[in-house]
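Structure, as C-alpha cells:
The values are calculated or read from the model by the stated rules, or taken from the named source; none is laboratory data. Note that the coordinates shown come from a computational prediction; the quantities given were computed from them, not determined experimentally. When we count neighbours, we look across all protein chains shown, and the Cβ atoms used for this are built from the backbone with ideal geometry, even at glycine.
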Amino acid sequence: MFSYYMLALKNILSLVFVSSIFLNCSKIEDFKSNDAINKGVSYRIKTKLTLAESQNFTIDAPQTIVNAGRICIEGDYLFIGEWGLGIHVFDNTIPTKPVALAFLSIPASTDYFVKNDVLIVDNGNDLVSLKIDALDKLKKKENTFADLKRSLLINKRTAEVFVYPNYPIQQNVYFQCPVKEHFVVAWEKGEFSNIANCYR
C-alpha cells in the first residue's frame, strides 16, 4: 500500500513539474506581449553615429549636463561623464565652487578614467587613451576653444575591446534594431511598434 501511495505521489509531482514549465513559459510570452507597463511603448533611434563620426574628438565650450554619469577628481579638475557624448570638465581649484571649464566631446563613450593628463576611455568598441594637457592651457587662459578644437590627441587605440551597448538602458522593452555599423547614442521613447523589431 505504501508503494502505491509513493508511486501516485511521484506521478502527481511529475505532472505538477511539467505543468509549471508550461505555465512559466506562458507567463514569459505574456509578459513580453501584454505587459501593462510597456504595452505600446517602445524606443526608436534618435541619434546614431558612423565609425568615423564616433572617432571625432574635440574640446568644446562647457555644456549643460543632461544625464550625469560617473564623477572623477584628478588634480585641480572635476570630471563628470555624460553617456554616449563625452565628459564635462570643471576647474576644481576651489572644491566648494567648481567652475565649468570645458566639454570633452568623445562620442560613443560610456566610461572613463583619468590619470596624469591622460584620459582612458571607451570609444565605441575600442579602448582609447587621449592626452588632455590642453586643459591646463584653458585654465590659464593661454588658449581659446578655437585654438584647442582638435587638441584631444590619441595616445593609443586598442580595437575591439568592448561590445558597445547598442540598446536602450531600460529592460523588458521593444526597440528599433540598429545597423551593426552604427553606434546609437540617443533613443526616443514612444509608440513605434511598426519599427520596434528588437526586444530586451
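I'm checking my understanding of the structure. Among residues of the stretch 173-199 that are of a type in the set (Gly, Ala, Ser) and part of a strand (DSSP E or B), which one is nearest to Ile87 (Cα to Cα)?
Among those residues, the one meeting the criterion is Ala186.
Name the residues in the stretch 118-152 that are over 23 Å from Ile71 (Cβ atoms), over 23 Å from the mean Cα position of the chain (by Cα) and either part of a strand (DSSP E or B) or among the aliphatic types (A, V, I, L, M) (or both), would you?
Ala146, Leu148
Looking only at the stretch 74-117, filter to residues that are assigned to a loop (DSSP other than H, G, I, E, B) and among the aliphatic types (A, V, I, L, M); which one of those is surrounded by the fewest Cβ atoms within 10 Å (Cβ to Cβ)?
If we take residues in the stretch 74-117 being assigned to a loop (DSSP other than H, G, I, E, B) and among the aliphatic types (A, V, I, L, M), then Ile94 is surrounded by the fewest Cβ atoms within 10 Å (Cβ to Cβ).
Could you please find all residues in the stretch 153-165 being of a type in the set (S, T, N, Q) and either assigned to a loop (DSSP other than H, G, I, E, B) or on the phi > 0 side of the Ramachandran plot (or both)? Before you say what the answer is, go through the steps one by one.
The first filter runs over the stretch 153-165 and keeps only residues of a type in the set (S, T, N, Q), leaving 155, 158.
None - no residue of the stretch 153-165 is of a type in the set (S, T, N, Q) and either assigned to a loop (DSSP other than H, G, I, E, B) or on the phi > 0 side of the Ramachandran plot (or both), so the list stays empty.
So, Leu152, is that one buried (at least 18 other Cβ atoms within 10 Å of the Cβ) and modelled with pLDDT under 90 or not?
Working: buried (at least 18 other Cβ atoms within 10 Å of the Cβ): yes; modelled with pLDDT under 90: yes.
Considered against the rule, which asks whether it is buried (at least 18 other Cβ atoms within 10 Å of the Cβ) and modelled with pLDDT under 90, Leu152 comes out as yes.
Gly81 fails exactly one of the following numbered conditions: (1) free of Cβ contacts under 8 Å to residues at least 12 places away in the same chain; (2) within 20 Å of Glu53 (Cβ to Cβ). What is the number of that condition?
For Gly81, the failing item is (1).
Given the structure, is Leu49 surrounded by 11 or more Cβ atoms within 10 Å (Cβ to Cβ), modelled with pLDDT of 90 or more and either polar (S, T, N, Q) or within 22 Å of Asp147 (Cα to Cα) (or both)?
When the stated conditions are applied, Leu49 does not pass them.
Here is a yes/no grid of residues against (1) without any contact (Cβ under 8 Å) to a residue 60 or more places away in the chain; (2) closer than 14 Å to Ile45 by Cβ; (3) more than 17 Å from the chain's Cα centre (by Cα); (4) in the same structural domain as Asp111 (by TED's automatic domain parsing):
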residue	(1), (2), (3), (4)
Val163	yes, no, no, no
Asn166	yes, yes, no, no
Gln170	no, no, no, no
Pro178	no, yes, no, no
His182	no, yes, no, no
Trp187	no, yes, no, no
Gly190	no, yes, yes, no
Ile195	no, yes, yes, no
Cys198	yes, yes, yes, no
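Any residue in the stretch 23-42 that is over 30 Å from the mean Cα position of the chain (by Cα), at pLDDT below 50 and among the hydrophobic types (A, V, I, L, M, F, W, C)?
Let us first name the residues in the stretch 23-42 that are over 30 Å from the mean Cα position of the chain (by Cα), namely 23-26.
Checking the rest, the ones that are also at pLDDT below 50 come to 23-26.
Then keep just the ones that are among the hydrophobic types (A, V, I, L, M, F, W, C); that gives 23, 25.
Yes - at least one qualifying residue is present in the stretch 23-42.
Given the conditions (1) surrounded by fewer than 17 Cβ atoms within 10 Å (Cβ to Cβ); (2) aromatic (Phe, Trp, Tyr); (3) within 18 Å of Lys149 (Cβ to Cβ), and given that Phe57 satisfies all but one, which numbered condition is not satisfied?
So Phe57 meets the others, but not (1).
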